[in-house]
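Written out below as structure tokens is the structure these notes cover.
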Amino acid sequence: MAETAAKQEALSKTRLRLWLKLLKSVNGIEAEIRRNLRDQHGTTLPRFDVMSALARFPDGLKMSELSTFLKVSNGNVTGIVDKLTEEGLALRVAVPGDRRAQVARLTPKGRAAFEELATHHETWIDELLDAGRRKISRRFRAASIWS
């Protein structure tokens with residue numbers, strides 16, 4: 001019985017170490033994506049996320065829906081949408097029957113800008129994961145966390 005408990009504890013510690021390594025990897029990938037967006041496109045990950053959400057909903061999203069979808073505050077979304085609107089990348093349209101609500105959507109210029117960003121984003125993710133593929137695979141096999 002003590003041997004089984006010791007094995008379970010060792011397995012638990014191994015899983016914890018793996019989780020911490022995965023978290024470190026994810027944080028490193030996110031930092032690289034943020035850096036690439038900033039250095040190569042003069043933009044931010046939150047701005048990319050807003051454009052991505054709006055690209056998924058061509059008819060637009062209410063500001064409250066957008067903040068819920070992205071799991072951020074209305075204030076964060078409002079500032080980003082305001083800036084996108086100033087740059088002609090997004091627009092706000094009043095919701096018929098609701099004087100307070102507005103729907104945000106990408107303009108054709110915004111859609112084109114997002115498509116370029118999304119293409120680069122996908123390439124970066126592919127390259128980063130390809131570079132780490134063998135290393136991550138070895139970690140999973142070595143950890144034997146599923147036994």
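The values are calculated or read from the model by the stated rules, or taken from the named source; none is laboratory data. Please read all numbers here as calculations on a predicted model, not as lab measurements. A quick note on method: Cβ atoms are made from the backbone with ideal geometry, for glycine too, and the neighbour counts reach across all protein chains shown.
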Thr43 passes all but one of (1) in a helix (DSSP H, G or I); (2) at pLDDT 95 or above; which number fails?
-> (1)
Filtered residue count, the range 80-115, keeping only those that are part of a helix (DSSP H, G or I) and either closer than 15 Å to Arg56 by Cα or at pLDDT below 95 (or both) = 7
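Within the range 51-61, can one find any residue that is without any contact (Cβ under 8 Å) to a residue 24 or more places away in the chain, under 26 Å from Ala131 (Cβ atoms), surrounded by 12 or more Cβ atoms within 10 Å (Cβ to Cβ) and within 17 Å of the chain's Cα centre (by Cα)? Don't jump to the end; show me each part of the working.
Filtering the range 51-61 down to residues without any contact (Cβ under 8 Å) to a residue 24 or more places away in the chain leaves 53, 56.
With under 26 Å from Ala131 (Cβ atoms) added as a condition, the list becomes none.
No; the residues of the range 51-61 include none that is without any contact (Cβ under 8 Å) to a residue 24 or more places away in the chain, under 26 Å from Ala131 (Cβ atoms), surrounded by 12 or more Cβ atoms within 10 Å (Cβ to Cβ) and within 17 Å of the chain's Cα centre (by Cα).
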Taking the range 71-98 only, how many residues are in contact with a helix residue (DSSP H, G or I) (Cβ under 8 Å, 6 or more places away or on another chain) and over 21 Å from Gly42 (Cα atoms)?
-> 4
Are any residues in the range 63-115 under 20 Å from the mean Cα position of the chain (by Cα) and basic (Lys, Arg), and if so, which ones?
-> Lys71, Lys83, Arg105, Arg111
